[in-house]
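Peer 1: Structure provided below as structure tokens; questions to follow.
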Amino acid sequence: MRALLFAKPGGTGTGVRQRFLFLAKRMLGSGSGSGSGSGGDIGGGVGPSLLPIILYNSSTNSYEFVRWGGAIGDIVIPSSYDDGVHGIAPITSLPDVYPGTFEGTNITSVVIPDTITNVGNRSFYSCSFLTSVAFGSSVQRVGFESFRGSGITSVNLPDTVQYIEPYSFFRCLDLASFVCGPNVTSIGSSLFQGCRNLTSFVIPNGVTTIPNYAFYECIFLGSVSIPYGVTTIDDWAFAYCSSLHTLVIPNSVTSIIGQFPFFQCGLSSISLPSAFEPELGRLGLNPAIVTFT
């Protein structure tokens, strides 16, 4: 059960507005959450109609940073909070809400604390000025469309991440570098679709499926490492990767779906399991560039 920290902006009475401003200013970057002392501010401005909203979750004794539509500039998300009712507790999630926590805001950088395990759906959707994200050491999930259309340039996920959901980095046009740890077991469809500046990617060992549109239109993608253990490559996965000249498909792959997984690729060499020899026509691959293993 969640208790709403802030009432809806625009409530009647001067006391309501003062309570908004008072609680908003108690969000301290020092992580003490007590509201006293001189800890660093979380950044950005506090406007009377676009205040931070935090919910208390009694089942986990923690807070969720739900929404801050007025956020701007460099943001440091606090690791803990005290709403004056439930006491000090960690902030553990940017929850799955619509709109997302910082969706559409003019933030430029964000530091996610070690207490947060969930970066929820659409958390940073369409944050076009967001170029830098520092992920805390406990993040387990990167949600649906979480960074879609943002200006992020590089990503270094902690080893705790297990799930990267569909469209998480869809059309992040400036994303050039992406590193994730060995515990990722699932990457979503259209994960990097349209990420034209991404140059390389190492698929984690725990991933078994390269989903549809995963690397669609990654026009400067020159290197993809596919580990043994991947069993399925879905349709359109590498379509329009015009800079992808060499690809090695491991023998663990037993299913390549559809007709267009390699459509309009720049492939000059591809290694395939021998079971796919009768499938070259369907896959649109020139036999002259194929080596079977």
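The values are calculated or read from the model by the stated rules, or taken from the named source; none is laboratory data. As the structure is a prediction and not an experimental result, all values here were calculated from the model. All Cβ positions, even for glycine, are placed from backbone atoms using ideal geometry, and neighbour counts span all protein chains on display.
Peer 1: Restricting to the stretch 104-127, what's the tally of residues that are in contact with an Asp or Glu (Cβ under 9 Å, 6 or more places away or on another chain), more than 13 Å from S62 (Cα to Cα) and free of Cβ contacts under 8 Å to residues at least 60 places away in the same chain?
Peer 2: At the first step, the residues of the stretch 104-127 found to be in contact with an Asp or Glu (Cβ under 9 Å, 6 or more places away or on another chain) are 107-111, 118, 120-127.
Next, only the ones that are more than 13 Å from S62 (Cα to Cα) stay: 107-111, 120-127.
Okay, now just the ones that are also free of Cβ contacts under 8 Å to residues at least 60 places away in the same chain, so 108-111, 120-127.
Residues in the stretch 104-127 being in contact with an Asp or Glu (Cβ under 9 Å, 6 or more places away or on another chain), more than 13 Å from S62 (Cα to Cα) and free of Cβ contacts under 8 Å to residues at least 60 places away in the same chain: 12 in total.
Peer 1: Of all residues in the stretch 189-206, count the ones that are over 15 Å from V224 (Cβ atoms) and touching a Ser or Thr at 6+ places or on another chain (Cβ under 6 Å).
Peer 2: Total satisfying the criteria: 1.
Peer 1: Could you please let me know if T105 is crowded, with 24+ Cβ neighbours inside 10 Å and modelled with pLDDT of 95 or more?
Peer 2: So T105 passes the test.
Peer 1: Please verify whether the stretch 259-268 includes one or more residues that are in contact with a Leu (Cβ under 6 Å, 6 or more places away or on another chain) and touching a residue at least 24 places away in the same chain (Cβ under 8 Å).
Peer 2: Yes, there is a match, as at least one residue in the stretch 259-268 is in contact with a Leu (Cβ under 6 Å, 6 or more places away or on another chain) and touching a residue at least 24 places away in the same chain (Cβ under 8 Å).
Peer 1: Assuming Y56 fulfils every condition listed in (1) over 17 Å from the mean Cα position of the chain (by Cα); (2) closer than 20 Å to V184 by Cα apart from one, which condition is it?
Peer 2: (2)
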